[in-house]
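One structure is given here, and the rest of the page talks about it.
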Amino acid sequence: PHNIALGPRRIASYLRCKGIDAAVVDYCIHKKEEYLDFIQHNQPPIIAFSILYDTLEHDLQNIWQARQLCPNSIIVIGGIEATNNSEEYIEKLPIDVLVLGEGEIPTLTMIKRIGSKQISKEEVLKSFSDIPGLKIRLAGGNIARTGPARLLTAEESQEVFSAYELYL
């Protein structure tokens, strides 16, 4: 059965409200080759995954493949499974950032920090160390843990559904 990944759609909708182009590639809908071609061709600065227990095997495979295809991209994971097992995932997966809890505000903040800067991946990751709600793999494998993320306001909660087409 297909599980609609609502988390990525909520975040992409929120980002679009803030003027940021965001795409959702759902491998339960899109062919895996389409997803791999998309990231390899675009080399996005951030590739984010929502980890779910029901799709965990595929999620883990996709994370490893994304790292191989896009070694300079910042790989972010989030979702209930990532939050519940954050220590294991930040230690064992080839990821750079793990988002704890709601991801809209931390994701927006990370994207704004990257902007069009031409700085190293290590410098970008270090610049994330004051964004609440993250675990970050820094240079040398050290893990930085930031405080809890704030919850969305009522107005912000409405923005997560503004890009209706993402939910079709």
Which ones in the stretch 44-55 are outside any strand (DSSP E or B) and touching a helix residue (DSSP H, G or I) at 6+ places or on another chain (Cβ under 8 Å)? PRO45, ILE51, LEU52, TYR53
What single numbered condition from (1) touching a residue at least 12 places away in the same chain (Cβ under 8 Å); (2) open to solvent by 10 Å² or more (accessible area, probe 1.4 Å); (3) among the polar types (S, T, N, Q) fails to hold for ASN62? (2)
Which one of these does PRO132 not meet: (1) modelled with pLDDT of 95 or more; (2) farther than 21 Å from PRO44 by Cα; (3) under 14 Å from the mean Cα position of the chain (by Cα); (4) of a type outside the set (A, V, I, L, M)? (3)
Applying the selection to the stretch 1-43, what residues are open to solvent by 60 Å² or more (accessible area, probe 1.4 Å), farther than 19 Å from SER157 by Cβ and either assigned to a helix (DSSP H, G or I) or modelled with pLDDT of 85 or more (or both)? ASP21, LYS32, GLU33, GLU34, ASP37, PHE38, GLN40, HIS41, ASN42, GLN43
Just wondering, is there one or more residues in the stretch 20-36 that are within 18 Å of SER129 (Cα to Cα) and touching a residue at least 60 places away in the same chain (Cβ under 8 Å)? no
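The values are calculated or read from the model by the stated rules, or taken from the named source; none is laboratory data. Since the model is a prediction, treat every value here as computed from it, not as a measurement. Neighbour counts run over all protein chains shown; Cβ positions are idealised from the backbone, glycine included. Heads up: the accessible areas ignore ligands, DNA and RNA and are worked out on the full protein's heavy atoms, side chains in. Shrake-Rupley method; radii C 1.70, N 1.55, O 1.52, S 1.80 Å.
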